[in-house]
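Below is one structure, written out as structure tokens; the observations come after it.
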Amino acid sequence: MIEKENCTNIGECVKLHGVKGELVIRLNSGIYIDDIEADFMHFDMDGGLVPFKIKSIRPKNDTDILVSFFDTENENTVKRMITSQVYVETKDLNTDVSYEDDLSLLEGWLAKDVNAGELGVIKEVMEIKNNPLFIIDHKGTEFMIPANDDMIEEFDEENRILLFRLPEGLVDVNE
């Protein structure tokens with residue numbers, strides 16, 4: 001049996017949709033259809049989590065998804081599913097936002113270069129299509145570094161340091 005502590009509540013089943021047996025699941029804030037990589041959804045029913053194998057899943061709108069399940073032909077079962085809290089195993093939920101997806105997560109981090117040392121604090125990320133820039137507060141002036149994977153040496157999450165290996169002369173251009 002699946003235990004709740006190994007699962008994440010993704011939302012609530014709010015109603016039946018259409019004639020194909022799809023259920024509308026209203027997702028909790030911060031959960032998106034692309035985060036769900038599960039074969040089963042677990043409904044909080046009968047004093048525990050009851051698993052149902054996903055047949056299909058598709059978006060309805062920004063907050064709701066439409067899901068059909070195998071073995072839900074029984075009308076009484078479907079009625080009990082409606083208004084139930086819905087869970088997936090936490091291991092089947094991809095909610096990690098990577099720095100590549102959202103560079104603004106690096107704002108406030110210290111920028112260092114392997115050769116030049118400390119550069120300053122990342123003040124802002126300027127989102128320019130296909131060429132984002134880190135704006136760094138470098139001794140009271142703005143220093144711009146392209147957000148280029150080839151220049152990033154290491155992400156030190158614990159110390160919030162972004163280590164660069166910048167081309168020779170790039171630091172001097174900004175002085």
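Just so it is clear, none of the values below were taken in a lab; they were calculated from the coordinates. This one's a predicted model, so the numbers in the text were calculated from it and none came from an experiment. Glycine also receives a Cβ, built like all others from the backbone with ideal geometry; neighbour counts cover every protein chain displayed.
Rounded to the nearest 500, the helix-only mean residue ellipticity at 222 nm of the chain stands at -1500 deg cm²/dmol, with each DSSP H run of n ≥ 4 adding -39,500 (n - 2.57). Per-residue Karplus couplings for segment 112-124, computed as 6.51 cos²θ - 1.76 cosθ + 1.60 with θ equal to phi - 60°, are listed in order as 10, 10, 4, 9, 7, x, 5, 9, x, 8, 6, 7, 6 Hz, Gly and Pro entered as x. The H on the amide N of Ala147, modeled in the peptide plane, is under 5 Å from the matching H of Leu133, Phe134, each at least 5 residues off or on a different chain. Placing +1 on the Cβ of every Lys and Arg and -1 on the Cβ of every Asp and Glu, with nothing else charged, gives segment 4-92 a dipole about its Cα centre of roughly 280 debye.
Residue order for Met151, Met81, fewest other beta carbons within 10 angstrom first, comes to Met151, Met81. What does the net charge come to around Glu22 if you take all other residues with beta carbon closer than 14 Å to its beta carbon, with K and R at +1 and D and E at -1? After counting each charged neighbour, the total is +4.
Computing P(r) over Cα pairs in 10 Å bins from 0, in percent directly from the structure and comparing it against (i) 9, 30, 17, 14, 17, 10, 3, 0; (ii) 10, 38, 41, 10, 0; (iii) 8, 24, 20, 14, 10, 7, 6, 5, 4, 2, 0 singles out (i). Over segment 103-173, the ratio between the Cα radius of gyration and 2.2 N^0.38 Å evaluates to 0.99. Averaging the sequence gap over all C-alpha pairs within less than 8 Å and six or more residues apart, then dividing by the number of residues, gives the chain a relative contact order of 18 percent. Amide H contacts for Phe40 (H built 1.01 Å from N in the peptide plane; partners 5 or more residues away or on another chain; cut-off under 5 Å): Ile54.
Rounded to the nearest 20, the Cβ-based charge dipole of segment 103-173 about its Cα centre (Lys and Arg +1, Asp and Glu -1) stands at 200 debye. For the chain, the dipole from Cβ point charges (+1 on Lys and Arg, -1 on Asp and Glu) about the Cα centre works out to 1100 debye, to the nearest 20.
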